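What follows is a set of notes on a single structure, which appears directly below.
Please treat every number below as a calculation from the coordinates, not as lab data. From a predicted model like this one, the values you see are computed outputs, not experimental measurements. Virtual Cβ from ideal backbone geometry, glycine too; neighbours counted across all protein chains shown.
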Amino acid sequence: MSISFIIISMIILLGAAAAVSFSNLIHCALSLAVAMVGLAMLYLHLGAEFVGFTQVLVYVGAVSIVVLFAILLTRPAPFSPGVHVPWHGRVTGILVAGLVAGMLVGAVLGTPLTSHVGQRVITVKQIGMELMTTYAAPLEIVGLLLTAALMGAVILAAPENGEKKP
Amino acid sequence: MNELFSEWVRRAVETLSEMLRNPDQAPVVGKAFIVSVFPEFLQGVVGAFISIAALISVFGGLFALLTLMERKGLGRIQNRPGPNRVGPFGILQPVADGLKMLTKEDIVPFRADAFLHFIAPVILVMMSLLTLAVIPYGRNMAPIELDSALLFFFAAGACTELAVFLAGWASRNKYSLLGAMRAIAQMISYELPLLLASFSAVLLVGSLSLVSIVDSQGGFMLGVLPKWNVLTPWGFVGFIIFMIGAFAESNRSPFDLPEAESELIAGHLTEYSGFKYALFFMAEYIGMLAISGLAVTLFLGGWHAPVPFLGWVPSYCWFFAKLLTLACFFIWVRATLPRLRADQLMALAWKCLIPLSFINLGVTVFWHYSAAWSFAMALPARWGIAFLALAVPYTFLARQLGTKKTFARRTYRFAE
Amino acid sequence: MLGTGIIRGLVVTARNFLGSFYDRRRFVTVFYPEQKVEMPERFRSFPFLVYDGEDAVRGLRCVACKICEKNCPPQCIYIVQQRDEKGKPLKHPAVFDLDISVCMSCGICVEVCPFDSIKMDKVFEVAESARFEKLLFGKAALSKSNAYYRSVSPADAGETDARLEEEKKAAAAKAQAAAQKKSAAQAQEPQ
Amino acid sequence: MISKTWETLLVVKLLWIIPAIPMLAAGVLALTPRGYRRMAASLAIGSMVLAFLFSCLAFYATMIPLPYSEAWRQSYNVPWFDIGHETVRVGWVLDPLSALMLAMVTFVGTCIFVFSTGYMAEDENFTRFFGFLTLFAGAMLGLIISNSLLLLFICWELVGLASYLLIGFWFHKPSAAAAAKKAFMTTRIGDLGLLIGMVWLYSETGTLLFYDGGFGCLETKALIGLVTPAISGGTLAVTGIALLIFCGAIGKSGQFPLHVWLPDAMEGPTPVSALIHAATMVAAGVFLVGRMLPLMGADMILFSGSSPTLYIVAMVGSFTALFAALIAVAQTDIKRILAYSTVSQLGYMMMAIGVGGYPAAIFHLLTHAFFKALLFLGSGSVIHGCHHEQDIRRMGGIAGSMKITFATYAVGMMALSGVPFFFSGFWSKEAILHAALTWTPSMLPFIFGLCGAFLTAFYMTRMMGYVFFGNYRGDSCHAPHESPATMTVPLVILAVFAVLLGFAGTSFWPWCQSYLTAQRVRFGWEEFLHAWPLTGGSIAMVAAGIGLGWKLYISRPVGGADAPDILETMHPKIYNCLKNKFFVDEFYAATWVRWCGAFASVSDWMERFVWGGMMRGAAFFTACLALLNSETDERVVNGSFDGGCKVLKASSGKLSLFQNGKAQRYLCVIGAAFALLLLALEMGVKL
Amino acid sequence: MIQPLHACLILSSLLFCIGLAGVLARHNTILMLIGVELMLNAANVNFIAFWRYGAWAGQSAGVMFAIFSIAVAAAEIAVGLALVILIFRHVRTTSIDRVDGMKG
């Protein structure tokens, strides 16, 4: 475990924690982007170059933008009554999450695993070959899924007939 | 101690003579020498720092030069001399501009998100500079040789969208937010043709690495014509699509809607002043240079010489010559074309460029497979088929873009 | 065909670019502080007061009638009439202030002046470091000789001078006639 | 002289261009707006002409390797995709069969395309029509050249699709829509057999390529593997596969049990009937059987020289030939007569393959394509001239006003009837009958074929009599008129070929047959003289048919539009039976459709009464139990009821907290349960 | 000294639990979606970690899974946010607590 790993994990964890705890939604989405950049750095650190750059391209370049748009599109009407959030709901959630975290960490630490020490590299060419041979069917299915998701999202979010523009 | 010093001097002299003997590799040799001075564990860091320093100084200089060139060039095109006061022929104008920007008051609007307001231009500049890291500037002169360099370029480019949004949102100004939204919509729309156009080069080379893409463009056809991608049908169309996308991505005229001064004050830049504004300016110019560098790398043969007998000129000179040519083209276009309307902008991207770039990808595949043709008229046949496959859809797409609407003649009513 | 228009536009700008190097006549600008554009005859900047002769005080044509002050749309003129020891008004302004920062160069003061004493200048380089003090021109700063007026706008000045001459002549003739009449009357009276 | 490398490398490797050109045109036409009529027509015809030129090149390439020492066949295979560890490969093959078919399809197609520009000139969906036509042409060409059963099947389905689209081209007519549906579904029945046969073949041989340098499924190695019981697990396999594949051919070529769709398919535009339902697509079944001939005849080894598969093929074919010819005698729709004639002629081809006359079958396929396309186009011209009237009883006497059409139609009629010596149909029919005569297992095909020849001559003469002779019986306001040049020029070209083509396969100079079997063509009168008795017999049959037809329909002009047919007055019962096509459709309606309905109603009855009754019984039983229970409850537990009720209410109130619609509450429980599960697992691991 | 594989796994479990906490404790649907994204990414970290440190040489399944997972996550967020916008149009709020009825 190197210093860079610790720094990267701090970025990821702090970014993630910020993403779920800020009260301003825009700040949350931006923190999510920070966490995603951290994750990309982690992938680079682990040698998965392609995944790292894809992570940035997809999450920072697309997903966080979409989230930001959604936030701007769903701002509550002015003078709407704020939602009263019961404190115990929050505490229960955090407690349950903490419990799960404890269990998971315990499980991980309790499992003997050996780490492979040498460097592992996967080139883009290899990935491309794999995608076109072994993973050809998943690739097609993902393509289909993305198309379906695109159309589904458009149909869902498109204004219905006769609906007045907000 | 003395011996050590004399050894160092001897090696320095050797390096210098090597650099003089082989100017093509001079920067590489020089860097290697400087790095070798430092102890082993520092060498990686020092090498990186040298690259960074070189990049920032060169591109900072280019930025300054470009602002000057832009102002002079625009002036000439409009029959004015352009800036000519500071220094001989006004060449110190960028310095004066910089000083002015530095000394201006930094205004942060009341109720603005101060931190985000500050961080947005920083991220923008950072990401623009990051994109410079993977471009091969000369033989053996890519700062980072990545296997997926093109992906890196676009990943870093994608982050600029976020920065633009930040700038718009953090300003708490409706003009800023509108401008930012426009900018994001435009960037996302034009990223597709940009990516698709560059993928045609990737498809043919079979690698995302910019170094190998440049390497594949070395050599000459028939002894005179360079094997640049732009000199193939798919490469030519790809280059044009790429350049249109590049204009839009760097928010340059005629795609400068996000900062349209006459409609949106200055878009997401409205609430920025002083040095932050200068940073935005710098990011825009560096982004423009970076994307021009990518265009040079993908389509214009990178650092390869255009004619065989000029091969002795150092490779990086060729790269920067091509880069500056493209930058001048940017300025030229800015002086020529008026700004598009928002719907025209989107129609151009989605109805014309994206279909065309898909067709271009198909033509690239055809080109790749028809390379094996060996009969007598193979080359003209390839050209002919590729030309037809591109020109016919182009005429159709272009025709349906042309607006058939005729607007009613405007009438003016003067005060009586 | 999409694209041909763009190319044509590029050719036009390129022609302008290259033309700007070999054809100086294309240039619409001059190197300003060194070179200056010859101002047109009718150019006007701000008003000034004309005096005849050498003495800026006694030669001043202004009689402090305040017509210009009343007619000035932005009201940038301020006039105080001079009075002698007894308080009797004299035909001379004690104070004539003109706020350059307010003046809009409309020239109405010139139109209404019955004495041709206020005229439009051609000096436009009036930038100053202080906004209120230095741009409020007083009588001394405003007074300029008729010779100067003749040098900045010769046609106008010539016309004005000629008319003044005419009037003077007419006045003299009238006076002469009156004198003759008077003398004639005086000559008849003794009889 | 062009070198060997040139032809192998270029022609075979680039054979895919031939189907690709019309396919590309179809793609462009699919995107073309309605208004671009001229562009659509020129694009379609241009693509066809281009494909024809390339086909000529391919045809030429197959002629080069003469002398015919061995079968000239070149195939080129490319890997398509990987499934697991298997690589699926497709390819194309160039041999005399595919070269001949290519040339025929592209040539006839070009003629019909040109004809269509005139025939469809007033149609609103002109561009769509040409889009479908080019799609069909591309798929058909792909079918012809494909060297893989998989690729062939894909193209096979594509031509089926194009046929469906074109039959239902005037889909606003309910009859056209129904016919399209019928055609599609009927052929699907056969295609199911083909698909099963294909899968079976793949599982037995491990390849779907026809020719693969000795490893294809039609080559010796695979065939030996198929017929060797020790390897393939049963002698049934080869016969089963062959018969299943033949099922596909039956469906597509309209052979006996599945012929019902073809006459109905005449609802489509006439050029479509000419191209798809006469000349090319329906012949694909014959082509398939011809292509798979090594497989079809492979069980010959098992059954000591006589193949049961080929026996079935011959029987089905000969029966269809006679059966359809009989029906054609009593039809009154001009296109339907031709459709039944097509079915009959396809039966001839099938029969020829079955009796071992494969080259005769293919030769007949070629000649038939030309003269049947000619006849269909001629009928289209007649229909066009008679203002879209298709009933032959309302025509008549138009020979004078439509001279070119009449002349070309007469050529086609004589070719189809087998008028001796100068018409192509004579020679091809002769070759088939000769093959049938020499077939030892049975004489039935020969007899059926001879009867069919008689009937063919008869019904064609009848049709001529109805259409071109006598008086015009249609609407007197509109006189029939000759069609424009775009329609008559293709007719003339096709007529010329309908005559000339016969000389490529005469029995004294059987060039076509020799070319197909890769033998040197020999000129000699021996064959001709040897077969003279047979020839004389068949000429006599044809003469009898024509003479009878002449006597009944031409020498004595037909009375009026509503007058009964002469045959009807002579034998009303038989005529009625023929007129109703032997009641096959009714038979299907009475059997299959009825059975399906009956099965559905049986299921319904079962649902209603048996399962429902059981349910009701169970419910009744439960109700009884409940009654008993309530009695007990009333008496025994009444005292403690209130208390129990209270407890229930309280606990349900508590329980309802878990079902409150708050997603996060649910998630919390899930998370907690997950944590507990992990805990349990960890403890378990520790223990 | 803790093994690198363990470190990665602990990082991913913590990330997962932060996402879980976000989903459980926050009432805004968009924030819940952000939490789900974090959880998905925690899974991705596991894939990459096992690819990098696992004992099975020559396998690229981890990287492939991560790539597919990113694609699926992109689809998920698109549809999820479309749903959120749709719900917002009906009930004018993005709070999950208000979305407890089966009727719009």
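Figures for the structure shown
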read-out	value
Calculated SAXS-style log₁₀ I(q)/I(0) at q = 0.09, 0.10 Å⁻¹ - chain B, Debye, Cα scatterers	-0.65, -0.80
Exposure proxy ranking, count of Cβ atoms within 10 Å, fewest first, for A:Phe69, B:Phe309, D:Phe256	B:Phe309, A:Phe69, D:Phe256
Bins of 10 Å from zero: percent of alpha-carbon pairs in chain E	15, 35, 27, 15, 7, 1
Mean ellipticity per residue at 222 nm, deg cm²/dmol - from DSSP H runs of n ≥ 4 across chain B, formula -39500 (n - 2.57)	-22000 deg cm²/dmol
Which of B:Phe275, B:Phe5 has the fewest Cβ neighbours within 10 Å, and the rest in rising order	B:Phe5, B:Phe275
Label-point separation in nm, B:Leu203 to D:Ser203, each point 7 Å along Cα→Cβ	4.0 nm
0 to 90° range, to nearest 10: angle between helix C:4-22 axis and chain C longest Cα axis	60 degrees
Average beta-carbon neighbours from other chains, 10 Å sphere, peptide A:110-120	5
Gyration tensor over alpha-carbon atoms, region A:1-75, equivalent ellipsoid semi-axes in Å	24, 15, 5
Volume of the Cα convex hull of region D:106-175, divided per residue and given in Å³	84 Å³
Stokes-Einstein D (µm²/s) once Rh is taken as the Kirkwood radius of region B:115-248 over alpha-carbon pairs, at 10 °C in 1.306 mPa s	96 µm²/s
Prolate/oblate/rounded call for chain A, Cα gyration tensor, a/c under 1.5 rounded	oblate
Shape call, chain D: gyration tensor on alpha carbons, a/c limit 1.5	prolate
Relative exposure of B:Trp312, B:Trp228, D:Trp170, B:Trp303, judged by other C-beta atoms within 10 Å (fewest first)	B:Trp312, D:Trp170, B:Trp228, B:Trp303
Equivalent ellipsoid semi-axes - Cα gyration tensor, the protein assembly as shown, angstrom	84, 50, 39
Average beta carbon contacts from partner chains per residue of B:151-157, 10 Å cutoff	6
Per-residue [θ]222 nm for chain D (sum of -39500 (n - 2.57) over DSSP H runs n ≥ 4, rounded to 500)	-21500 deg cm²/dmol
